[in-house]
Amino acid sequence: MKVFVTGGAGYIGSTVVSELIKRGDEAIVFDNLYQGHREAVHPEATFIEGDLADKQLVEDVLSQHQPDGIMHFASHTLVGESMKKPFLYLRDNVVNGLNLMESAVELGIKKFILSSTANLFGLPKEMPIDQNAPVHPGSPYGESKYILERFLHWMDQIYGMRYAALRYFNACGAVSATHGEDHDPETHLIPIVLQVALGQREKVFIYGDDYDSPDGTCVRDYVHILDLAQAHLLALDALSEGSRTYNLGNGTGFSVKEVIETAREVTGHPIPAEASPRRPGDPGVLVAGSEKIRKELGWQPQYSSLKAIIESAWEWHKANPEGFAVQGSMFKVQS
Ligand code: UFG
């Protein structure tokens with residue numbers, strides 16, 4: 001299959017691209033390198049540096065390459081940032097996604113996979129979050145993804161476009177010591193904790209210790225990117241049997257304090273931590289009910305232990321304390 005991958009140089013997108021290529025598919029990566037890294041793109045992928053806001057360019061690339069399907073990763077993805085810059089999320093994420101869908105329709109591309117998010121459940125009452133729990137987006141970010149899910153519903157109804165909306169919980173871990181997470185600025189808990197262990201930060205701030213959770217800190221469902229990648233391949237293969245929406249998580253929650261404690265164990269570093277105010281938009285507890293994808297597609301996450309997840313991330317961070325910038329290409333490609 002030939003797949004057009006927006007955001008294919010990003011953390012999750014580049015992992016999925018590598019897994020597609022590994023199993024013999026073709027990938028056309030389209031990325032503006034705003035967050036992504038050219039070095040993270042598999043050398044057998046076709047790479048196009050471009051912005052989704054350039055609808056004409058997107059259409060030209062799609063009509064030149066005629067992909068069988070689209071995987072849409074490129075977007076703004078930070079819950080906290082979306083509470084400060086709502087227009088960035090509600091405009092860019094929505095308009096870029098909509099333009100991409102329109103181009104897909106015009107060119108007869110009938111398979112679409114959307115990176116969606118657990119944040120669209122807001123502050124759910126029941127844990128784990130059932131696939132069919134009511135949707136009340138917890139931030140403009142979650143709202144932007146929900147709007148795209150609804151657009152896809154209509155693309156399916158009207159044009160027969162088959163889609164999968166994959167609602168990620170907390171993506172984490174590294175593929176290997178040469179392929180991992182590298183955001184600038186970094187805002188995610190696990191890499192921040194590991195940056196403290198590397199001596200790049202003095203301490204980690206715990207955003208809120210008065211949540212309604214066992215130790216008062218936020219609980220999240222951490223899911224390894226290789227497990228996420230497998231879910232994308234399974235979903236892509238199943239699209240011919242119809243559209244679908246899945247939660248993607250391990251079904252187990254870990255608190256901020258548990259993450260820090262496990263990282264202390266893995267790294268042997270004391271990792272100082274300090275309680276600080278809550279971050280706007282953060283729900284207290286988010287744990288996935290992912291039975292639907294397990295049952296329908298046989299998805300089985302391989303990394304259900306937090307320790308294994310943090311160990312894989314630590315391998316990458318230790319080997320590449322400055323990320324891709326210094327490491328260069330893991331695949332030795334010149335861009
Ligand atoms: N946290 C801290 N200190 C930090 C960083 C994070 O206490 O320095 C806390 C946050 O408050 C949160 C938890 O650690 O409770 C995890 O935070 P992350 O920033 O790592 O991840 P989020 O849960 O905010 O968001 C991630 C993705 C979103 C996705 C969401 C789904 O970034 O795109 O998971 O659960 F929507």
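The values are calculated or read from the model by the stated rules, or taken from the named source; none is laboratory data. This is a predicted model, so every value here is computed, not measured. As a convention, Cβ positions derive from the backbone with ideal geometry for all residues, glycine included, and neighbour counts pool all protein chains shown. SASA here: full protein model, heavy atoms, side chains in, ligands and nucleic acids out. Shrake-Rupley method; radii C 1.70, N 1.55, O 1.52, S 1.80 Å.
Computed from Cα atoms, the angle from the helix 225-238 axis to the main principal axis of the chain rounds to 30 degrees. Principal-axis analysis of the Cα atoms of the chain puts helix 11-22 at an angle of about 60° to the longest axis. Split the accessible area of the chain by element, probe 1.4 Å, and carbon with sulfur accounts for 49%.
Sparse packing (at most 12 other Cβ atoms within 10 Å of the Cβ) combined with a DSSP loop state is found for the following GluC sites (Glu not before Pro) in segment 112-197: Glu126. Between Tyr222, Tyr159, Tyr303, the GNM of the chain built on Cα springs shorter than 10 angstrom shows Tyr159 fluctuating the most.
Comparing His232, His65, His37 in a Gaussian network model of the chain, where Cα atoms under 10 Å apart are tied by springs, the biggest mean-square fluctuation is seen for His65.
Taking every C-alpha pair closer than 8 Å and separated by at least 6 residues, the mean separation divided by the residue count of segment 1-135 gives a relative contact order of 24 percent. Calculated on C-alpha atoms, the gyration radius of segment 1-96 divided by its Kirkwood radius gives an Rg/Rh of 0.99.
Using a cutoff of 8 angstrom between alpha carbon atoms and counting only pairs six or more residues apart, the relative contact order for the chain works out to 20 percent. In terms of its C-alpha gyration tensor, segment 69-132 has an oblate overall shape, because the principal axis ratio a/c (a ≥ b ≥ c, square roots of the eigenvalues) is not below 1.5 and a/b does not outweigh b/c. The trypsin sites (Lys or Arg not before Pro) of segment 95-147 that DSSP puts in a loop, and whose beta carbon has at most 15 other beta carbons within 10 Å, are Lys125.
Over all orientations, segment 109-155 has a Cα convex hull whose mean projected area works out to 3.6 square nanometres.
Find, among the GluC sites (Glu not before Pro) in segment 238-288, those assigned to loop by DSSP (not H, G, I, E, B) with at most 10 other beta-carbon atoms within 10 angstrom. Answer by residue number: there is no such site. Annotation for segment 21-70 versus segment 187-252: alpha-carbon center distance of 25 Å. The ellipsoid that matches the Cα gyration tensor of segment 187-335 has semi-axes, each √(5λ) in whole angstrom, of 29, 23, 13, with the longest given first.
The mean accessible area for residues of the chain, using a 1.4 Å probe and ignoring ligands and nucleic acids, is 43 Å² per residue. Summarising the amide proton neighbourhood of Glu26: residues at separation of 5 or more, or on other chains, whose placed amide H is nearer than 5 Å comprise Lys2, Val3. The convex hull built on the alpha-carbon positions of segment 104-222 has an orientation-averaged projected area of 10.5 nm². Just to be sure I understand: with springs between alpha-carbon atoms less than 10 Å apart, which residue in Asp92, Asp227, Asp212 has the highest mean-square fluctuation in the Gaussian network model of the chain? It is Asp212. In the frame of its principal axes, segment 218-298 has Cα extents of 50, 30, 16 Å, reported largest first. What's the angle, to the nearest 10 degrees (0 to 90), between helix 55-65's Cα axis and the longest principal axis of the chain? Compared with the principal axis, the helix lies near 70 degrees. Both radii were evaluated on the Cα set of the chain; the Rg over Rh quotient, with Rh as the Kirkwood radius, amounts to 0.95.
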